[in-house]
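Please treat every number below as a calculation from the coordinates, not as lab data. Note that the coordinates shown come from a computational prediction; the quantities given were computed from them, not determined experimentally. Counting neighbours? That spans all protein chains shown, and the Cβs are built from the backbone with ideal geometry, glycine included.
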């Protein structure tokens with residue numbers, strides 16, 4: 001089993017700069033709440049990085065463009081998916097992610113709801 005995280009952002013330097021500025025100038029309108037949870041303005045949050053590193057479940061991270069190039073699956077982003085036997089199912093959709101208000105709550109939700117069997 002694998003968790004696939006898809007951020008509501010594209011990859012590349014130009015997209016990263018635009019996202020960085022957007023988070024600073026208008027954080028309330030930034031379209032990727034998952035990004036805001038897992039990253040600060042200067043990079044991946046340390047507590048999140050440690051959580052991913054120490055997790056028993058494999059976690060893969062994508063931007064929209066690289067995810068859609070690899071998978072024929074389109075969703076409202078951001079989204080967290082479960083991949084089992086080449087099948088993708090929703091773990092947390094955009095609305096559910098938007099209702100998580102701290103990185104600690106996201107980590108707790110993952111720990112309590114991922115079935116490792």
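Fewest to most neighbouring Cβ within 10 Å: what's the order for 109, 91?
Starting with the residue having the fewest Cβ neighbours, the order is 109, 91.
Tell me, 73, 7 in order of fewest to most beta-carbon neighbours within 10 Å?
Going from sparsest to densest Cβ surroundings: 73, 7.
If you stretched the chain out fully between residue 2 and residue 96, how much longer would it get, using 0.36 nm times the residue separation minus the C-alpha to C-alpha distance?
31.9 nm
Please find the FRET efficiency linking residue 40 to residue 85, where r is the Cβ-Cβ separation and R0 is fixed at 41 Å, and quote it to the nearest 0.05.
Once the sixth-power term is evaluated, E becomes 0.70.
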